[in-house]
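The structure appears below as C-alpha cells.
The values are calculated or read from the model by the stated rules, or taken from the named source; none is laboratory data. Everything numeric in this text was worked out from a predicted model, so none of it was measured. Because the Cβ atoms are built from the backbone with ideal geometry, glycine has one as well, and the counts that use them run over all protein chains shown.
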Amino acid sequence: MTSAPSGAAPGRRSADEITVFKSVGLAVEDVVAADLVYRKITGPTGVTTR
C-alpha cells in the first residue's frame with residue numbers, strides 16, 4: 001500500500017485502471033477490541049498495575 005505513494009512502484013497509468021477496495025470490518029469492532037485490551041491491562045479497577 002505504500003509502494004505507489006512512495007514512488008517504488010508505478011500507480012495507475014491510465015483512467016481505465018481502477019482499484020477496488022472492500023472493507024470487511026466495522027469501526028465498532030476496533031473499539032471493542034481496544035476496550036478488551038485496555039481492561040486486560042488495567043484489571044477490574046481500571047487502574048494500571050505497573
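Numbers for the structure displayed
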quantity: Unique residue being surrounded by 10 or more Cβ atoms within 10 Å (Cβ to Cβ) and hydrophobic (A, V, I, L, M, F, W, C) when the list is Ala27, Ala4, Ala15; calculated: Ala4
quantity: Unmet requirement for Ala9, which otherwise passes all of (1) at pLDDT below 80; (2) of a type outside the set (Asp, Glu); (3) loosely packed, with under 10 Cβ neighbours inside 10 Å; calculated: (1)
quantity: Matching residues, the range 12-50, being under 20 Å from the mean Cα position of the chain (by Cα) and either small (Gly, Ala, Ser) or not in a helix (DSSP H, G or I) (or both); calculated: Thr19, Val20, Phe21, Lys22, Ser23, Val24, Gly25, Leu26, Ala27, Ala33, Ala34
